[in-house]
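Peer 1: Sharing a structure with you now.
The values are calculated or read from the model by the stated rules, or taken from the named source; none is laboratory data. Predicted model only: the values in this text are computed from it and were never measured. Here Cβ is always computed from backbone atoms with ideal geometry, including for glycine, and neighbour counts include all displayed protein chains. For accessibility, only protein heavy atoms count, side chains too; no ligands or nucleic acids. Shrake-Rupley method; radii C 1.70, N 1.55, O 1.52, S 1.80 Å.
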Amino acid sequence: MAEQPTQAAPPLVLASASPRRLDLLAQIGRRPDAVDPADIDESPLAGELPRPHAQRLAIAKAQAVAERWPGAIVLAADTVVACGRRILPKAEDEATARTCLALLSGRRHRVYGGVCLLTPTGKQLVRVVETAVTFGVLSHQHVERYIASGEWHGKAGGYAIQGLAAAYIHQIVGSYSNVVGLPLYETENLLFGVGL
């Protein structure tokens, strides 16, 4: 009896411009067939809390890119840094980065990672991962050194845990990769669950 040919898996498209997410996927042996960033408004809605915000943006990114890739599996993610109910912005200028660092200094905050996987049949799989991160007290010199590094630029909450900011982080509870930009345990399980 002849063997049935195995059906090729649908292509995997990463809906993100983040080189960190691409690197994280490569770390676990996952290489998307294409990278197609979603261009959506990432502003929080009035009264929107951090966890629902991360989930909504991950879904919106996946849906926006899936329209351009019929027949593909689309992976999207969003990272939200929050102090209490306050969503911290992506730091695009020094003033914003300084404000974020002042809020984070000596405090525990939370990082919410929303992940959405959309299949060619329209099935939507979503996870939101929460990591608690505690900064030590930042001196003026710490802040100025970090600002001078430029690492904060474009980063949610004004810092990158995988860079110089690691020296200022006293404790992390939960997924480290989530703080970098993609919770790998949950992402791998989602991909495996759809046959990839």
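Peer 1: Quick check, is Ala102 buried (at least 16 other Cβ atoms within 10 Å of the Cβ) and modelled with pLDDT of 95 or more?
Peer 2: Working: buried (at least 16 other Cβ atoms within 10 Å of the Cβ): no; modelled with pLDDT of 95 or more: yes.
Criteria not met by Ala102.
Peer 1: While we're on this one: Would you check which residues across the stretch 124-175 are of a type in the set (Lys, Arg) and at pLDDT 95 or above and list them?
Peer 2: First pass over the stretch 124-175, keeping only residues of a type in the set (Lys, Arg): 127, 145, 155.
Result: Arg127, Arg145.
Peer 1: Conditions first: (1) closer than 30 Å to Leu196 by Cβ; (2) aliphatic (A, V, I, L, M); (3) surrounded by 16 or more Cβ atoms within 10 Å (Cβ to Cβ). Ile87 passes all but one, so which condition is the exception?
Peer 2: (1)
Peer 1: Could you please let me know if Ala97 is of a type in the set (Gly, Ala, Ser), within 25 Å of Pro52 (Cα to Cα) and in a loop (DSSP other than H, G, I, E, B)? Give the steps one after another, and end with the answer.
Peer 2: Numbers: of a type in the set (Gly, Ala, Ser): yes; within 25 Å of Pro52 (Cα to Cα): yes; in a loop (DSSP other than H, G, I, E, B): no.
For Ala97, the condition - of a type in the set (Gly, Ala, Ser), within 25 Å of Pro52 (Cα to Cα) and in a loop (DSSP other than H, G, I, E, B) - is not met.
Peer 1: Shifting gears a bit: Would you check if Gly113 is among the small types (Gly, Ala, Ser) and at pLDDT below 95?
Peer 2: Values: among the small types (Gly, Ala, Ser): yes; at pLDDT below 95: no.
In short, no.
Peer 1: Got at least one residue in the stretch 57-72 being out of contact with any His (no Cβ under 6 Å at 6 or more places or on another chain), closer than 21 Å to Lys123 by Cβ, in a strand (DSSP E or B) and open to solvent by less than 60 Å² (accessible area, probe 1.4 Å)? Lay out the reasoning, then the answer.
Peer 2: At the first step, the residues of the stretch 57-72 found to be out of contact with any His (no Cβ under 6 Å at 6 or more places or on another chain) are 57-72.
Now drop any that are not closer than 21 Å to Lys123 by Cβ, which leaves 57-72.
Among the residues that remain, those that are also in a strand (DSSP E or B) are: none.
So far as the stretch 57-72 goes, no, none of its residues is out of contact with any His (no Cβ under 6 Å at 6 or more places or on another chain), closer than 21 Å to Lys123 by Cβ, in a strand (DSSP E or B) and open to solvent by less than 60 Å² (accessible area, probe 1.4 Å).
Residue-wise test of (1) over 19 Å from Pro50 (Cβ atoms); (2) in a loop (DSSP other than H, G, I, E, B); (3) open to solvent by 70 Å² or more (accessible area, probe 1.4 Å).
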residue	(1), (2), (3)
Val111	no, no, no
Gly114	no, no, no
Arg145	yes, no, yes
Ala148	yes, no, yes
His153	yes, yes, yes
Tyr185	yes, no, yes
